[in-house]
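Notes follow the structure.
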Amino acid sequence: MKTWLTGLLLLLTTAVVLAQADEPQKDITDGQSAAPGDAKANEWSDEWGDDWSEQDSPVTHAGFLEWGHGERLDRDPLLANTTTLSELRWHQQFDYSHERWVFNWSHDVWFDAVPNSDEGGLLFDLRELNFQFPVGQQTDVVLGRQITTWGTGDLLFINDQFPKDWLSFFSGRDDNYLKAPADAIRITRYFKPFNVDWVITPTAAPDRFINGERFALFVPSAAGRLGGFEVINPQDPSDPEYAMRVFGNHQGLQWALYGYHGISKSPLGVNDQQRPYFPAKNVWGASVQGIVGKGLYHAEVGQHQALEDRQGNNPWVPNSQWRVLLGYERELISQLNWGVQYYLEHTQDHERLLANSLSPEFEPEKNRHVITNRLTYRAMQDKLTWSLFMYYSPTDEDSYWRPTVQYRHSDRWLFSVGGNLFTGADEHTFFGQFEDASNWFARLRFQY
């Protein structure tokens, strides 16, 4: 579908809403599902907010001011400074409710003082700018800039192909900033046996990836790490993205089917001009989650099809993969929660990949295994939270540790301290390339 056809769809959707303006509308109630398969009443918790009919004013707003600072634990020889985070941030959100629609706006303004950083200076990020409205009795629409997420993984993503912000995550910003916004239209249709989500992004939104300026990264063509300048300057994507989710709940078992047509979210391909770009791909997958014993389990699978390398012999495009995720979480003792996940990346046509690769010694293993663990302990009436999240890959022999401590002094003051710790036997593995980027961070937030 071309971009002009996507625009026509937006206009037709608006026309349908106006044509049905006299129809009785269902109440806008609290509850978006945090995972696939939740019932219709739970679908919009984070997006619709509180029941507007119970509020005295149609306008709500909130925000915070936050200071953040981070430093490397050791000097990276490729970068002149040790500071990884130095900013003062203002976040503001504003919501307005009408009888038939809701308007959401949120933004960040911050001053980035990291020397020679990829950002630098006074910056602005529009997080949300959208209208949410029902169409008839069984359809909801979100039109505009928004943050979308689905899938079952804890900081592992198989069928969630919406943009992520890895620079913010590795710098020590709040975990919520891992999710990046995109300009899109989301349509949710509710049926009795199942529900359907469609998300159309007229211009593909890639990840906010590590490009070499703030953190050095491994470049196979250079056979080593590069940093201190913009190592990756990809060709901007221009094609649209389409994502679909069919989900439901059967006797407590939450299930979902996924489909995606778009791009690789990072610039993993190289074009004829030897410039990085975002190769086209399809993703087809499924997930389930439910209760077993005293805990929750989840399982997810997805096939990532490389549309520009169906035979697996193009050295400039990553091969197709099968990806599998299994997870379990439960409360070990009072206030102490534990979660574990196993993740597999199976590269298809691996022999052809090695035979055609320009640097086969740097290619991934045919089966890459990753194990994650999360421990979370809450104390002092949940004012103090200790958390440790860890990735470990036995095939790559690398790991990533993210310890954090958060103290909520009051409803207004919040203090956080933590670290991003990388280890690796080889610098060409995903976490190993960032070993010299290991850092600590601290944040102080005033909420209003």
Counted residues in region 232-279 being touching a residue at least 12 places away in the same chain (Cβ under 8 Å) and assigned to a strand (DSSP E or B) come to 24
Looking at region 88-135, which of its residues are out of contact with any strand residue (DSSP E or B) (no Cβ under 8 Å at 6 or more places or on another chain), within 20 Å of Glu213 (Cβ to Cβ) and not hydroxyl-bearing (Ser, Thr, Tyr)? Asn116, Asp118
Given the condition surrounded by 20 or more Cβ atoms within 10 Å (Cβ to Cβ), of a type in the set (Lys, Arg) and farther than 30 Å from Trp338 by Cβ, answer yes or no: does some residue in region 162-174 qualify? no
If you go through region 62-95, how many residues are part of a strand (DSSP E or B), under 15 Å from Asn439 (Cα atoms) and of a type in the set (S, T, N, Q)? 3
Index of the failed condition, Phe218 passing every other in (1) over 25 Å from Leu354 (Cα atoms); (2) touching a His at 6+ places or on another chain (Cβ under 6 Å): (1)
Any residue at all in region 422-432 that's in a strand (DSSP E or B), of a type outside the set (Gly, Ala, Ser) and modelled with pLDDT of 95 or more? yes
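Okay, residues lined up against (1) of a type in the set (Asp, Glu); (2) out of contact with any Ser or Thr (no Cβ under 8 Å at 6 or more places or on another chain); (3) in a strand (DSSP E or B); (4) buried (at least 21 other Cβ atoms within 10 Å of the Cβ):
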site	(1), (2), (3), (4)
Asn176	no, yes, no, no
Ala184	no, no, yes, yes
Pro193	no, yes, no, no
Arg214	no, no, no, yes
Gly228	no, yes, no, no
Test: Phe446 is assigned to a strand (DSSP E or B), closer than 25 Å to Ala80 by Cβ and in contact with a strand residue (DSSP E or B) (Cβ under 6 Å, 6 or more places away or on another chain): no
Test: residue in region 322-344 that is free of Cβ contacts under 8 Å to residues at least 40 places away in the same chain, out of contact with any helix residue (DSSP H, G or I) (no Cβ under 6 Å at 6 or more places or on another chain) and within 28 Å of Glu71 (Cβ to Cβ): no
Tell me, which residue of region 55-88 that is exposed (fewer than 14 other Cβ atoms within 10 Å of the Cβ) and of a type in the set (Gly, Ala, Ser) is nearest to the chain's Cα centre (by Cα)? Ala62
In region 123-152, residues that are surrounded by 18 or more Cβ atoms within 10 Å (Cβ to Cβ), assigned to a loop (DSSP other than H, G, I, E, B) and among the polar types (S, T, N, Q) total 2
Residue in region 391-403 that is surrounded by 15 or more Cβ atoms within 10 Å (Cβ to Cβ), touching a Gly at 6+ places or on another chain (Cβ under 8 Å) and touching a residue at least 40 places away in the same chain (Cβ under 8 Å) present: no
Test for Arg310: is it assigned to a strand (DSSP E or B) and closer than 23 Å to Leu358 by Cβ: no
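The values are calculated or read from the model by the stated rules, or taken from the named source; none is laboratory data. None of these values were measured; they are calculated from a predicted model. Positions of Cβ are generated from backbone atoms using ideal geometry, with glycine treated the same way; all protein chains shown enter the neighbour counts.
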